[in-house]
Amino acid sequence: MSKLESHSTGIGDYPALVVVDMCKAFIDSSSPLGFECNELIQANINLVKKFRLNKFPVIFTTTIYRNPSEASVFRSKIPALNILEPESDAVTFIDDLAPSKDEILIEKKFASAFFQTKLIDSLHKMKADSIVICGVTTSGCVRATAVDSLQNNFPTTIAEDCVGDRDLDAHKANLYDLRSKYADVIHSNSIS
């Protein structure tokens, strides 16, 4: 089988950082949705600080279900999602990785930060010319967000040390596939 030719799309002059689901439900190993990821948390904190220092937009996502009809099939497939209730600790953030009062928080119901949210409108309003993605999980919400980012015609980069998954094989396979077809995948140290 031949290898697919793939080129870098790069990062523009005014990238937006989309921090996918780094809420407590997904980064606390005691949560049914979480896993041990202390290094990942610190890498995300450092990347958010870098974007803030450069005065680039930072957008956070969290998943919240406000009534039983929202994403009912998804929640039936993965019952642990039912902990993502309004005002629950599960949908909040640790202090060092929380949106500031000036930053956008996207509340989503499904894997992609774009699907049925105001993310695309927010990106256009702030005139972002590219997207950098970090967060969890690589095989789920990060992947879905990256694919939709490309489908909305944004050059898309995944900070490989700032994404993670409870399944290391799924993490590696999805990064390989995303790099091949949908996004640049680089270490956060290469993002200026």
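The numbers here are math on the coordinates, done by the rules we state, and not lab data. Bear in mind the structure is a predicted one, so any value in this text is a computation, not a measurement. Don't worry about glycine lacking a Cβ; one is built from the backbone with ideal geometry, like all the others, and counts go over all protein chains shown.
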If you average the sequence gap of Cα pairs under 8 Å that are 6 or more apart and divide by the length of the range 85-192, what percent do you get for the contact order?
22
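What percent does the relative contact order of the chain come to when contacts are Cα pairs within less than 8 Å and at least six residues apart? Spell out each step's value before the answer.
Working: 355 pairs, mean separation 53.2, N = 192.
Result for the chain is 28 percent.
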Here the cysteines of the chain lacking a cysteine partner under 4.7 Å (Cβ to Cβ) are Cys23, Cys37, Cys141
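If packing is taken as the average number of other Cβ atoms within 10 Å across a peptide's residues, how do 53-64, 179-190 rank, most packed first? List each step's numbers first, then the result.
On the way: 53-64: 18.4, 179-190: 16.8.
The densest-packed peptide leads the list: 53-64, 179-190.
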Gyration tensor (alpha-carbon) shape descriptor, the range 54-127, a/c threshold 1.5
oblate
Residues with amide H under 5 Å from that of Val58, placed H, sequence gap 5 or more
Leu17, Ile104
For the ranges 66-73, 123-130, 136-143, what's the packing order if you count other beta-carbon atoms within 10 Å of each residue, average per peptide, and put the highest first?
136-143, 123-130, 66-73
How far is the Cα center of the range 113-165 from the Cα center of the range 66-106, in Å?
17
Would you please give the FRET efficiency between Ser88 and Phe110, computed as 1/(1 + (r/R0)^6) with r the Cβ-Cβ distance and R0 = 25 Å, to the nearest 0.05?
0.85
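What is the Cα convex hull volume of the chain when expressed per residue in Å³?
On the way: hull volume 23.8 nm³, N = 192.
Given the Cα convex hull of the chain, per-residue volume reads 124 Å³.
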Count the lysine pairs in the chain whose Cα atoms lie under 22 Å apart, taking only pairs 8 or more positions apart in sequence or on different chains.
28
